[in-house]
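Working notes, structure below.
The values are calculated or read from the model by the stated rules, or taken from the named source; none is laboratory data. The structure presented is a predicted model; accordingly, all values stated were derived computationally and were not measured. Positions of Cβ are generated from backbone atoms using ideal geometry, with glycine treated the same way; all protein chains shown enter the neighbour counts. The accessibility values were calculated without ligands, DNA or RNA, using every heavy atom of the protein model including side chains. Shrake-Rupley method; radii C 1.70, N 1.55, O 1.52, S 1.80 Å.
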Amino acid sequence: MARYIVQRFIYMLITLLIIATITFFLMKLLPGSPLTNQEKLSPEQQEIILDKYGLNDPLPVQYVNYMTNLFKGDLGLSFQYDNRPVTTMIGERIGPSAYLGFQAILFGTVVGIILGVLAALKQNSFLDYTATTIAVLGISIPSFVFAGVLQYFLAVKFPIFPVAAWEGFEYTVLPTLALSVFVIATVARYMRSELLEVLGSDYIMLARAKGVSSFSIMTKHALRNALIPIITLLGPLAVNIMTGSLVIENIFGIPGIGQQFVQSILTNDYTVIMGITLFYSALFIFVIFIVDILYGIIDPRIRLNGGKK
Amino acid sequence: MKRKNFALFLVLLLAMSMFLAACGGGGESGGEGNGGESGSGGSDNVLNVTETQDIPSMDSALATDAVSFNTLNNTMEGLYRLGENDEAVEGMAEGEPEVSEDGKTWTFKIRDAKWSNGDPVTAHDFVYAWRKALNPDTAAEYAYIMYDLKNAQAVNAGEMAPEELGVKAIDDKTLEVQLENPVPYFKQLLAFGTFLPQNEKFVKEQGDQFGLEANTTVYNGPFTLSEWKHEDQFVMKKNPDYWDADAVKLDEIHTKIVKDTQTDVNLFETGDADQIKLSSEFVDKYKEHEGFFTVKESSVFFLRMNQEGNEVLQNVDARKAIAKGFDKKGITDVLTNNGSVVADFFVPEEFAEGPDGKDFRETAGTYLETDVEEAKKHWEAAKKALGQDQVTIELLNYDDDLSRKVGEYLKEQLETNLEGLTINIKQQPFKQKLDLETQMNYEMSLAGWGADYLDPMTYLDMYVTGGAHNQQGFSNAEYDKLIQDAKTTLLLEPEKRWDALVQAEKILLEDEAAIAPIYQRSRAYLKNPSLDGVLFHKVGPDTTYKWAEFK
């Protein structure tokens, strides 16, 4: 296990290095410069500023400079937010995004699993159809529609929750609900089909034949196997949601990172693009790693040691 | 097997606890929500507004955008600030400056005023800030706004030391400024954010933290930034040490960062915002609202027609046909729908006043009005001269919603009105569009230009031969001469200078139709009807809250 982890860790670093390199060169293909007042500056004035930032150096030189700083843990300064360190910016903005994402994932998963299980147990009943309808709606209607509807009804028409801001728990309720709809739908759908498949399998029948109680069958044998695909699904889904949803953050005025990433690309804020990309990648790779390890724990069929010889 | 059971148990336990936590939390939050709201709504002297982005910089030398300039304007003060109708009113400068005979040396008395850390504001603060902004190491993107100062351009290019800049402190309270040319609008120019003073001692103490947080910035304006939660909100508090504190009525201004226009409207509806910018799609709904109003900006939108290597657009008849061949009113009435007005001009309305006290537009006429019949005649003449029956022109466009609609409207109008014309729209992201324009790698483009200072020159000097922003191969010797004269020999003869500017615009539009003006932009606002005294400006900062109050 330890050897496996070390090995994976080295692979993770190599992957990150490759991502950094590719992003760096792709980003430099973006037209224009990171200057925020570019339309008003003459070419000579632009040169003065680009020189100062070393953006007129040949690309390989810029690349080596960036990577050297990166290894020192220095992600550089933002262009759009003059002189603000990128590390500080990510640090400040990831908090709200991650908090909301975490809340949405928790809530969504729990509700999703319950819905899925109920639907599978009472297959083709009214309950099943309701759950399926919810799932289909949740997947097909974009979350910003939910967000808009929730905001209008629960904050403007009936002011139960605040419209937008980031000042306490009550401000997180509506965005969490809006974000979790997709999670609920996805999880419920998978849960239902997986559970149905598992319940129809031979070993469950064997267990029933042996007279194991239904409850025991569910918790000991069925649920556990049905949860495996959910875990695979949850990893990437969690990263996806925690790294910030652009629209939800915009609608509820959440000081998150989702908007920042898009903005940095539109304004050619090189250092911020690199910083956030690397951050996202690292998070993603890490979560996949965790998921792989969890597999080994939950699924007896998977062994990380490559079999015993 | 044991371990696996335990893991499963953990997963389930976690799931259950989350569910309970989520349910419990949900119920509880309703009450808190109500409580929070009643708290923020009430107080009379707290103004709640919104901005679409966080403050990019509180360092006046580096600021380039609307939010920064707006916040700087309300928390700091230069020699002058913009008052009603964009007149320059006294700031840190006390009384009228002494101006030399040739108009090139200005001497200002600095009033007794304090920074928010207790230090006095001195002439040295201005010297320091201006040298810093022009120092190439600072990489200030608005350095060029100071190019009227003596030696500024050379200092910015690194050819001269910053100490050689034409500004010096005679003593703590006397500032002497030398100019390259006697600029007639210099007092108003001094209200621009880049000319704000900076407390050298404080800036050096803060080092690379200066301007990044509320407490690593120092203030000398009507308000101070007391709280700055990045990307979330910032709070300005009345500055008790401000020299004119009696004039300041508001206690606090809360600015919330809101990027979604519907959310903005919702915040206004619930009373959480006292004043919001209204985007076009909401105008019809709120047009009759008591708090609805529009403010004209200085931004003018027009079609660039690139003559470089383009036979069709080199033809003056073709250009006139395009400029007159579409209904501008359709754009302002339906597409922008926010008070924007049809532009039959390049220098905007209600923008610059001449030596006679009249608006530039009153003195100058209107040009290139929509006239489809006339356009058709020009078009036929152009086709004959070119010997072509079918003409295809590419229209470079921004990729935002409004521009997209304007582009499609123009295509439809021009193709209908001018027979044989095909327009292909090429939408590009903002930066890419700028690049293509700079490289002059386009045929026509939808473009906008906003003023940097309150003089027609900020528009007209764009189109001198070889100008950095000409970018469309336009050249007219007479035009060049008029602009050159207005910038040099006529500076001390305001009437003649004004006349030269009027003539220049006439050549640009009526004779040459170098560009096709479309509209002058406005912003629509919705405010709490009891809010009064917020000033809106056409250059530099959008608003001044110094004199704002609730009635």
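Among the conditions (1) crowded, with 18+ Cβ neighbours inside 10 Å; (2) within 19 Å of B:Phe302 (Cβ to Cβ); (3) among the charged types (D, E, K, R), B:Glu349 misses just one, which is (1).
Give segment B:472-491 a look and list any residue that's surrounded by 14 or more Cβ atoms within 10 Å (Cβ to Cβ) and in a loop (DSSP other than H, G, I, E, B), or say none. B:Gln472, B:Gly473, B:Phe474, B:Ser475, B:Asn476, B:Leu490, B:Leu491 - these are the residues of segment B:472-491 that are surrounded by 14 or more Cβ atoms within 10 Å (Cβ to Cβ) and in a loop (DSSP other than H, G, I, E, B).
Residues of segment B:279-328 that are of a type in the set (Asp, Glu), over 16 Å from B:Phe345 (Cα atoms) and out of contact with any helix residue (DSSP H, G or I) (no Cβ under 8 Å at 6 or more places or on another chain): B:Asp284, B:Glu288, B:Glu290, B:Glu308. Applying the condition of being open to solvent by 30 Å² or more (accessible area, probe 1.4 Å) and within 25 Å of A:Ile94 (Cα to Cα) to segment A:151-167 and asking which residue is nearest to the other protein chains (Cβ to nearest Cβ) yields A:Trp166. Picking from residues in segment B:232-259 that are open to solvent by 40 Å² or more (accessible area, probe 1.4 Å) and either under 30 Å from A:Lys157 (Cβ atoms) or aromatic (Phe, Trp, Tyr) (or both), the one that is farthest from the other protein chains (Cβ to nearest Cβ) is B:Trp243. Restricting attention to segment B:124-135 and to residues that are open to solvent by less than 30 Å² (accessible area, probe 1.4 Å), within 20 Å of A:Asn37 (Cβ to Cβ) and not aromatic (Phe, Trp, Tyr), the residue that is farthest from the other protein chains (Cβ to nearest Cβ) turns out to be B:Ala129.
Looking at segment B:482-489, can you tell me whether even one residue there is among the hydroxyl-bearing types (Ser, Thr, Tyr), under 29 Å from B:Tyr80 (Cα atoms) and not assigned by TED's automatic domain parsing to the domain that holds B:Ile145? For segment B:482-489, residues among the hydroxyl-bearing types (Ser, Thr, Tyr), under 29 Å from B:Tyr80 (Cα atoms) and not assigned by TED's automatic domain parsing to the domain that holds B:Ile145: present.
Counting the residues of segment A:63-98 that are more than 10 Å from chain B (Cβ to nearest Cβ) and in contact with a Lys or Arg (Cβ under 8 Å, 6 or more places away or on another chain) gives 0. Go over the candidates B:Asn424, B:Asn338, B:Asn441 one by one and state the one that is assigned by TED's automatic domain parsing to the domain that holds B:Ala516 and either open to solvent by less than 30 Å² (accessible area, probe 1.4 Å) or among the aromatic types (Phe, Trp, Tyr) (or both). Answer to the selection: B:Asn338.
Considering every residue within segment A:234-251, establish whether at least one is acidic (Asp, Glu), within 11 Å of another protein chain (Cβ to nearest Cβ), over 15 Å from the mean Cα position of the chain (by Cα) and buried (at least 19 other Cβ atoms within 10 Å of the Cβ). No: zero hits.
Give the residue that is least open to solvent (accessible area, probe 1.4 Å), with candidates limited to residues of segment A:36-62 that are at the interface with another protein chain (Cβ under 7 Å from one of its Cβ atoms) and farther than 20 Å from B:Met462 by Cα. Looking at residues that are at the interface with another protein chain (Cβ under 7 Å from one of its Cβ atoms) and farther than 20 Å from B:Met462 by Cα, I get A:Ile49. Exactly one residue out of A:Asn250, A:Asn268 is of a type in the set (S, T, N, Q) and without any contact (Cβ under 8 Å) to a residue 12 or more places away in the chain, and it is A:Asn250. Residues of segment A:272-293 that are within 14 Å of another protein chain (Cβ to nearest Cβ) and buried (at least 18 other Cβ atoms within 10 Å of the Cβ): A:Val272, A:Ile273, A:Ile276. Filtered by the rule that a residue be in contact with a Leu (Cβ under 7 Å, 6 or more places away or on another chain), surrounded by fewer than 24 Cβ atoms within 10 Å (Cβ to Cβ) and part of a loop (DSSP other than H, G, I, E, B), segment B:84-109 gives B:Gly103, B:Lys104. Checked against (1) among the aliphatic types (A, V, I, L, M); (2) within 13 Å of another protein chain (Cβ to nearest Cβ); (3) over 12 Å from the mean Cα position of the chain (by Cα); (4) more than 25 Å from A:Tyr203 (Cα to Cα), A:Ile228 meets all criteria but (4). Pairing each residue of segment B:389-408 that is farther than 18 Å from B:Met305 by Cα and open to solvent by 30 Å² or more (accessible area, probe 1.4 Å) with any residue that is part of a helix (DSSP H, G or I) and among the basic types (Lys, Arg), provided the two are 6+ apart or on different chains, yields C-beta distances under 7 Å for B:Asp389/B:Lys383.
Of the set (1) modelled with pLDDT of 90 or more; (2) surrounded by fewer than 17 Cβ atoms within 10 Å (Cβ to Cβ), all apply to B:Thr50 but (2).
So for segment B:353-373 (the condition being in contact with a Ser or Thr (Cβ under 6 Å, 6 or more places away or on another chain) and either among the basic types (Lys, Arg) or in a helix (DSSP H, G or I) (or both)), does at least one residue qualify? No; the residues of segment B:353-373 include none that is in contact with a Ser or Thr (Cβ under 6 Å, 6 or more places away or on another chain) and either among the basic types (Lys, Arg) or in a helix (DSSP H, G or I) (or both).
Just one residue in the set A:Phe107, A:Phe102, A:Phe79 is open to solvent by 60 Å² or more (accessible area, probe 1.4 Å), in contact (Cβ under 8 Å) with a residue 40 or more places away in the chain and not in a strand (DSSP E or B); that residue is A:Phe102.
When A:Leu195 is tested against the conditions (1) within 14 Å of chain B (Cβ to nearest Cβ); (2) among the hydrophobic types (A, V, I, L, M, F, W, C); (3) open to solvent by less than 20 Å² (accessible area, probe 1.4 Å), the lone failure is (1).
Do we have any residue at all in segment A:7-22 that's within 14 Å of chain B (Cβ to nearest Cβ), touching a residue at least 12 places away in the same chain (Cβ under 8 Å) and out of contact with any strand residue (DSSP E or B) (no Cβ under 7 Å at 6 or more places or on another chain)? No, segment A:7-22 contains no residue that is within 14 Å of chain B (Cβ to nearest Cβ), touching a residue at least 12 places away in the same chain (Cβ under 8 Å) and out of contact with any strand residue (DSSP E or B) (no Cβ under 7 Å at 6 or more places or on another chain).
Considering (1) away from every other protein chain (no Cβ under 14 Å); (2) over 26 Å from B:Lys109 (Cα atoms), the lone condition that B:Ile170 does not fulfil carries the number (2).
Among the residues of segment B:142-155, at least one is touching a helix residue (DSSP H, G or I) at 6+ places or on another chain (Cβ under 8 Å), more than 29 Å from B:His537 (Cα to Cα), within 14 Å of another protein chain (Cβ to nearest Cβ) and buried (at least 19 other Cβ atoms within 10 Å of the Cβ). Residues in segment B:427-438 that are within 12 Å of chain A (Cβ to nearest Cβ) and open to solvent by 30 Å² or more (accessible area, probe 1.4 Å): B:Gln428, B:Pro429, B:Phe430, B:Gln432, B:Asp435, B:Thr438.
Exactly one residue out of B:Pro162, B:Pro197, B:Pro184 is in contact with a Gly (Cβ under 9 Å, 6 or more places away or on another chain), over 15 Å from B:Gly78 (Cα atoms) and either buried (at least 18 other Cβ atoms within 10 Å of the Cβ) or at pLDDT 95 or above (or both), and it is B:Pro184. Here is the figure for segment A:258-271: residues that are open to solvent by less than 10 Å² (accessible area, probe 1.4 Å) and more than 9 Å from chain B (Cβ to nearest Cβ) total 3.
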